[in-house]
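These notes are about the structure you will find just below.
The values are calculated or read from the model by the stated rules, or taken from the named source; none is laboratory data. Keep in mind the model is a prediction, meaning the values are calculated, not measured. Glycine gets a Cβ as well: all are built from the backbone with ideal geometry, and neighbour counts include every protein chain shown. Heavy atoms of the whole protein, side chains included, go into the accessibility calculation; ligands, DNA and RNA do not. Shrake-Rupley method; radii C 1.70, N 1.55, O 1.52, S 1.80 Å.
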Amino acid sequence: MTSQTGNLTKRELKDLRILALFTAVYCGAHHPGPYAPLTVSDRELRHLPLHKYPVCSNCTQFLAYAFERRLHCPLEEKPACKHCPVHCYKPGHRERVREIMRFSGRHLIRRGRFDLLWHYWF
């Protein structure tokens, strides 16, 4: 269970880590530098290895928005966003996250990250 005051579950941390990874892959292929690691002030997110995923300033703003939306999801058992009945992102951000996931998922699978196939299809 996630809440604004409780600890994040392993699944939620994994979702946020995958979002940061996918955004960093997309950003590296589509945006010129400079790149910097995402810094967060939330205590619960300090366990994420965000220093491994440097992004440009535009993608930093996007990730901050996406993390905020994910952390405040109203559903107790969070489904994958593509199967979710509640759309947390603004319409422009929804299209951007789809583009990022589509590009980065294919990119990483082609480079041997077969563990992401489960996340890609479900």
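Calculated from DSSP H runs of 4 or more alone, at -39500 (n - 2.57) each and per residue, what is the 222 nm mean residue ellipticity of the chain, nearest 500? Show your work: numbers first, answer last.
Working: 4 runs with 61 residues, N = 122.
For the chain, the value works out to -16500 deg cm²/dmol.
What accessible area per residue, rounded to a whole number of Å², is obtained for the chain using a probe radius of 1.4 Å? Write down the numbers at each step before the final one.
Values: 7810 Å² over 122 residues.
The answer is 64 Å² per residue.
Across all directions of projection, what mean area in square nanometres is found for the Cα convex hull of the chain? Walk me through the numbers before you get to the answer.
On the way: hull surface 29.5 nm².
The directionally averaged projection comes out at 7.4 nm².
How far apart, in nanometres, would the label points at N7 and L71 be if each is projected 7 angstrom from Cα along the Cα-to-Cβ direction?
Result for the modelled spin labels: 1.7 nm.
On the protein heavy atoms, probe 1.4 angstrom, tell me the percent of accessible surface of the chain carried by carbon and sulfur. Can you show the working numbers first?
On the way: 4310 of 7810 Å².
Solvent-exposed carbon and sulfur of the chain make up 55 percent of the total.
Please list, ordered by chain and number, the residues whose modelled amide H lies under 5 Å from the amide H of V55; skip anything fewer than 5 residues away on the same chain.
Under 5 Å from the amide H of V55: A36, L38.
Based on the mean of other Cβ atoms within 10 Å per residue, sort peptides 72-80, 104-112 so the most packed one is first. Could you put the intermediate results ahead of the total?
On the way: 72-80: 11.1, 104-112: 14.4.
Result, highest mean first: 104-112, 72-80.
How far, in nm, would the chain grow between R102 and H87 when pulled straight, counting 0.36 nm per residue and subtracting the alpha carbon separation?
Details: separation 15, 0.36 × 15 = 5.40 nm, distance 1.80 nm.
Fully extending the segment from R102 to H87 adds 3.6 nm.
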